[in-house]
1. Per residue, what volume in Å³ does the Cα convex hull of the range 212-253 take up?
2. Rounded, prolate or oblate: which fits the range 114-234, taking a ≥ b ≥ c as square roots of the Cα gyration tensor eigenvalues, rounded meaning a/c under 1.5, else prolate when a/b beats b/c?
3. Give me the number: length gained by fully extending His299 to Val238, i.e. 0.36 nm times residue separation minus the C-alpha to C-alpha distance, one decimal in nm.
4. So for each of 104-113, 160-169, 87-96, 23-32 I average, over its residues, the number of other beta carbons within 10 Å; can you give me the resulting order with the highest mean first?
5. For every helix of n ≥ 4 consecutive DSSP H residues, a contribution of -39,500 (n - 2.57) applies; sum these over the chain, divide by its total residues, and give [θ] at 222 nm rounded to the nearest 500 deg cm²/dmol.
6. Determine the dipole magnitude for the range 200-309: charges of +1 sit on the beta-carbon of Lys and Arg, -1 on that of Asp and Glu, nothing else is charged, the reference point is the Cα centre, and the result goes in debye to the nearest 20.
7. Which whole DSSP H helices in the chain pass both tests: a Cα extent of 18 Å or more along the axis and a mean Kyte-Doolittle value no lower than 1.0?
8. Hey, which lysines would be in cross-link range of Lys288, C-alpha to C-alpha under 28 Å, not counting anything within fewer than 8 residues on its own chain?
Amino acid sequence: MDKLSIIVPCYNEEESIPLFYEAVQKVVTKMDIEPEYWFVNDGSHDNSLAEMRALHEKDEKHVHYISFSRNFGKEAGLLAGLDAATGDYVVVMDVDLQDPPEFLPEMYKELQSGEYDCIGTRRVDRTGEAKIKSFLSDMFYKCINKISNTEIVPGARDFRMMTRQMVDAVLSMREYSRFSKGIFSWVGFKTKYLDYHNVERVAGESDWSTWQLFKYAMDGISDFSQAPLSLAVWTGSVTSAISVISIIFVIIRKIMSPMSSIFGWASMVSIILFLGGIQLLCIGIVGKYIGRIYLQVKHRPIYIVKEKK
Ligand code: UDP
Ligand code: MG
């Protein structure tokens, strides 16, 4: 019998954990597989860990958990789960039941046919989400797919089932700053996407503010594209070219009519401010990449485990 590892990152999800287990268990028992749950407690401040311990006591053979020493973020939680998983197939799920467990049998069947290495899911609508959020995320997908060689599928969730081979490929990427949507796509392999309608979370609240999502998008871009650096180079080249032309123009004007340089204070200030702004912007872009190099070369662990069972 195949073993299916189910990876569930949890942050302050005490209410959702038992509901999730119950809902997934209902589906999994009907499938011809052996489940292996890996709940990852990402430094929750509530009783999430106690809930995980209780589930582990109830079903020691199948339910495991990892508890971090603090909050390391969902991406770190996913990695910890993938590191621990021993299944032939691995599925990554949110604990809030926004990833419907009803998809599991279909995903498993598709993978078994051997044609695909990964079955992902894609949201086709965004009911119950703020308009501005949907707009920004549309913009993000359009932008990143223009400037990055790694395809990021619009609306794709992290909810996906992978073969062991693909999981090993994902695990070979030990980058510090992890953008899973990009990583899953970067490793290649054949992925099929199942469409589904947005489901509201079963309990608790999402911790993602629009600003956090924006930052996440920016991180994604700098992780999987060097286009911002090229943009800096191009802006620099264009402004340099313009300045050479301007210098020639100013010298010729000075020779032709020496008095003319008394005027032009306003334009001078505008030019200085404009160039200063562009310089700061370009330094900022470069700085963003240097910051990522800095984090990577320190070789800090991506997560720290306090308890694992
Ligand atoms: N999560 C996590 N660490 C965090 C934030 C979130 O492990 O720092 C988990 C959370 O418990 C949930 C999943 O990541 O299982 C998705 O989070 P959420 O529902 O808040 O995001 P959304 O569904 O709005 O994208
Ligand atoms: Mg959610």
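1. Working: hull volume 2.4 nm³, N = 42.
Output value, Cα hull per residue: 57 Å³.
2. Details: a/c = 1.66, a/b = 1.00, b/c = 1.66.
Here the range 114-234 falls in the oblate category.
3. Numbers: separation 61, 0.36 × 61 = 21.96 nm, distance 3.79 nm.
Here the answer is 18.2 nm.
4. Numbers: 104-113: 16.5, 160-169: 20.5, 87-96: 23.5, 23-32: 14.5.
Ranked by mean Cβ neighbours within 10 Å, highest first: 87-96, 160-169, 104-113, 23-32.
5. Values: 10 runs with 154 residues, N = 309.
Dividing the helical sum by the residues of the chain leaves -16500 deg cm²/dmol.
6. Details: 11 positive and 6 negative charges, 79 e Å.
Dipole of the range 200-309, to the nearest 20 debye: 380 debye.
7. Values: long enough: 131-147 (24 Å, 0.11); 210-224 (21 Å, -0.06); 227-256 (43 Å, 1.64); 265-297 (47 Å, 1.50).
Counting only whole DSSP H runs, the qualifying helices are 227-256, 265-297.
8. The qualifying lysines are Lys74, Lys133, Lys142, Lys146, Lys181, Lys215, Lys298.
Quick note: the coordinates plus some simple rules give every number you see, no bench work behind them. The model shown is predicted, which means the values in this text are computed figures rather than measured ones. Reconstructed Cβ throughout: ideal geometry from the backbone, glycine too, with neighbour counts over all protein chains shown.
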